[in-house]
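The values are calculated or read from the model by the stated rules, or taken from the named source; none is laboratory data. These numbers come from a predicted model, not from an experiment. Every residue, glycine among them, receives a Cβ derived from its backbone with ideal geometry; neighbour counts consider all protein chains shown. Accessible surface areas use protein heavy atoms only, side chains included; no ligands, DNA or RNA. Shrake-Rupley method; radii C 1.70, N 1.55, O 1.52, S 1.80 Å.
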Amino acid sequence: MQCDLCILKPHQSHQSQISSSVHYLLVTEIISAADPKMKRFRFDLSLFILLGFCMLFSPAVSSLVISQLDRKIDLSSHIVRSTVSLKVENNGDDSVSEVLLPFTEKQAKSLAFLTASIGEGKGKAKGSFDSVPLKPVNPEGMNPKLTWYSVSLRKELLKGGSITLEVKAVYAQILRPFPEKITQADVQLVSFEESACYLSPYAVNVQLLTVKLPEPKVESYTKLDISKFSGSEIKYGPYENIAPFSSIPITVHYVNNHPFSVARELVREIEISHWGNVQVTESYNLVHAGAEITGEFSRLDYQARPHVRGASAFRNLVAKLPPRAHSIYFRDEIGNISTSNVWSDSTKTLLEIEPRYPMFGGWRSSFTVGYGLPLQDFLFLSEGKRVLDISFGCPMNEVVIENLTVKIVLPEGSNDISASVPFPIEQQSQETKFSHLDMVGRPVVVLEKKNVVPEHNQHFQVSYQFSNLSLLREPIMLVFGFFLFFVACIAYAHADLTISKSSSSYLSKLQWDEVQTAIQQFQNVMNRCLIIHDKLEASLRDLSRTGDLQTCKAARKAADSTLKELSKELKPLLSFLQSSSQATQLLPKVDELVSKEKELQEKLMLKHSTVTDSYEKKSGGREIENRVASIQQKISVLRQEVDDLLEVIDI
């Protein structure tokens with residue numbers, strides 16, 4: 001490729017500029033068609049057609065000339081930063097009040113931050129540059145497909161005068177991973193496309209471009225007649241006598257393993273409490289926007305050689321929080337994440353967070369970071385209003401945010417609210433949030449911005465009016481609430497809420513309570529009878545085992561005595577239940593239970609007598625079992641019926 005064919009030389013007449021532009025476009029088409037390999041070096045054909053039309057139909061701003069231009073592009077991270085120093089001279093007869101800055105469609109789409117500063121006269125140091133306002137414009141006669149910004153000069157540039165203009169631009173997601181998919185063991189290669197000539201509507205006498213790389217190694221780059229690769233920098237130029245809208249396409253293909261950390265969405269909620277705290281909660285939806293990883297992931301290989309088997313991944317992020325940050329936490333949907341470290345001094349607090357897994361290309365992670373700040377460091381009084389002065393953007397290093405929402409939750413009762421942000425934002429609105437002890441809700445200022453880079457992490461202000469008496473609202477509500485609670489307790493303790501003792505319902509309740517007590521006593525007596533029955537059965541088992549007849553008879557005698565006493569206890573209970581109208585439904589079951597228990601008792605006594613008589617007659621074991629078999633069968637049936645009736649009357 002003959003790069004001298006691509007340079008658009010300056011000419012004296014507008015007609016010669018047109019010829020040069022057409023000549024360049026034809027040469028580009030011929031080269032692309034003749035050599036297919038040139039496609040990997042192509043910049044963007046549509047861009048050059050656009051620039052050609054700019055030269056054809058956009059008049060050069062002849063009164064201004066850039067005598068010297070020094071451009072530096074920093075590619076050391078995934079955020080591209082461009083610094084352009086221009087010495088602008090007015091060679092026309094009329095004074096000039098603005099300088100135009102054009103951007104291509106691709107640049108405008110990725111442009112995240114743009115500032116300009118001016119140093120007037122000669123001998124000015126860089127520290128004396130003053131920031132000047134920038135605004136988007138649509139200048140007449142210029143190609144509308146370009147995005148234009150106007151730098152407003154503080155005072156008009158007179159004939160023969162000169163100024164030094166410094167333009168800083170930050171581009172997000174302008175780098176293209178190439179290849180777009182890699183394995184775990186591969187390094188990440190990216191492609192950057194630019195023009196060696198600065199896009200300007202003014203003629204440039206001398207210009208130089210310096211491209212800074214992350215490391216002193218490059219895969220490939222466009223080599224021109226005047227280009228040099230030294231260390232970690234590629235220099236193009238100096239080029240002299242460059243016509244307006246000139247362009248020399250260049251492509252740099254290099255290794256960039258810097259974390260391509262992009263937050264698809266970040267919601268920052270800043271809640272103010274006039275009791276001395278500012279609570280900040282940040283919810284991240286993070287993604288590695290670099291080359292996507294393909295194939296299998298081996299954690300073993302990554303742990304053994306993370307710089308070789310995971311060079312394109314990032315494992316942690318560092319956030320620079322304000323000094324005296326406290327109550328810091330880091331969690332996700334699962335719960336708290338303990339892999340974080342905090343360092344603090346008098347000027348800052350550094351928070352290092354580590355997600356649950358290393359972040360490779362295309363991988364995502366959602367988490368929340370929260371911390372508290374002392375109110376006196378960020379809130380002050382100004383002209384009778386309270387002003388919150390706090391940072392706007394993301395505190396994490398080198399994170400691009402596609403959609404940032406900042407919510408400032410003010411105390412309930414705040415009014416006359418206004419916000420001041422040092423750069424343009426997409427939307428500003430207000431909503432209401434309800435929290436504990438709120439009556440009308442807390443006003444929330446909502447600020448939204450897209451394509452946010454670290455340069456946006458500047459302080460902004462939210463001013464509002466708030467009465468000191470409103471501070472007492474919640475304490476008074478608490479005191480009054482507790483007062484009413486204690487008054488209610490005292491009233492309840494002294495109030496007689498019982499039903500009248502002469503009412504039929506009260507008497508009915510008393511009778512039912514007496515019936516319940518009698519039933520419980522009846523059940524107790526019946527259970528004790530069943531225990532005596534079990535003891536009789538046990539004495540017969542001991543007799544068959546030991547042959548001790550006297551002990552068995554003694555157990556029978558004791559059981560008879562106890563059962564007689566229980567029978568006496570049972571009589572008054574049965575009399576009461578028979579006389580009570582509340583026990584009408586239970587009485588048949590009670591009578592049946594008494595009858596069944598008495599029958600069970602008789603069968604047990606019969607069994608006991610039969611067994612003891614057989615032992616006295618020295619009958620055999622088989623004979624004894626045959627004699628009591630029918631009795632035992634009846635005993636089992638009666639015992640089951642007694643147990644069922646006890647469950648029925650259990651109230």
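Points to keep in mind about this one:
- A single entry from 416, 389 fulfils the requirement of being of a type in the set (Asp, Glu), closer than 17 Å to residue 321 by Cα and assigned to a strand (DSSP E or B): 389.
- Of all residues in segment 524-541, those that are among the polar types (S, T, N, Q) and open to solvent by 60 Å² or more (accessible area, probe 1.4 Å) total 2.
- Considering residues of segment 422-462 that are in a loop (DSSP other than H, G, I, E, B) and touching a His at 6+ places or on another chain (Cβ under 9 Å) only, the residue farthest from residue 378 (Cα to Cα): 423
- All told, residue 246 meets the bar of being more than 30 Å from residue 408 (Cβ to Cβ) and buried (at least 19 other Cβ atoms within 10 Å of the Cβ).
- Residues of segment 439-481 satisfying the condition of being β-branched (Val, Ile, Thr) and open to solvent by 60 Å² or more (accessible area, probe 1.4 Å): 440, 476, 479
- Restricting the first member to segment 463-478 and to residues that are touching a residue at least 12 places away in the same chain (Cβ under 8 Å) and assigned to a strand (DSSP E or B), and the second to residues that are open to solvent by 80 Å² or more (accessible area, probe 1.4 Å) and not aliphatic (A, V, I, L, M), the beta-carbon pairs closer than 9 Å and six or more apart or on different chains are 463/383; 463/416; 464/416; 465/416.
- Any pair with Cβ under 7 angstrom, 6 or more apart, that starts in segment 616-634 at a residue that is under 21 Å from residue 599 (Cα atoms) and without any contact (Cβ under 8 Å) to a residue 40 or more places away in the chain and ends at one that is open to solvent by less than 60 Å² (accessible area, probe 1.4 Å) and charged (D, E, K, R): 628/607; 631/607; 632/607
- Residue 595 being hydroxyl-bearing (Ser, Thr, Tyr), more than 60 Å from the chain's Cα centre (by Cα) and at pLDDT below 90: no
- Residue selected from segment 215-243 under the condition of a type in the set (Val, Ile, Thr) and under 25 Å from residue 400 (Cβ atoms), by the criterion least open to solvent (accessible area, probe 1.4 Å): 234
- Residue 423 being of a type in the set (Phe, Trp, Tyr) and either within 18 Å of the chain's Cα centre (by Cα) or under 28 Å from residue 287 (Cα atoms) (or both): yes
- Residue 493 fulfils the conditions (1) open to solvent by 40 Å² or more (accessible area, probe 1.4 Å); (2) among the small types (Gly, Ala, Ser); (3) assigned to a loop (DSSP other than H, G, I, E, B) except for a single criterion, (3).
- Here is the figure for segment 145-190: residues that are farther than 28 Å from residue 130 by Cβ and over 32 Å from the mean Cα position of the chain (by Cα) total 1.
- Residue that is modelled with the lowest pLDDT [pool: residues in segment 465-494 that are among the hydroxyl-bearing types (Ser, Thr, Tyr) and closer than 30 Å to residue 386 by Cα]: 470
- Of everything in segment 392-412 that is open to solvent by 30 Å² or more (accessible area, probe 1.4 Å) and either part of a loop (DSSP other than H, G, I, E, B) or among the polar types (S, T, N, Q) (or both), the residue that is nearest to residue 282 (Cα to Cα) is 403.
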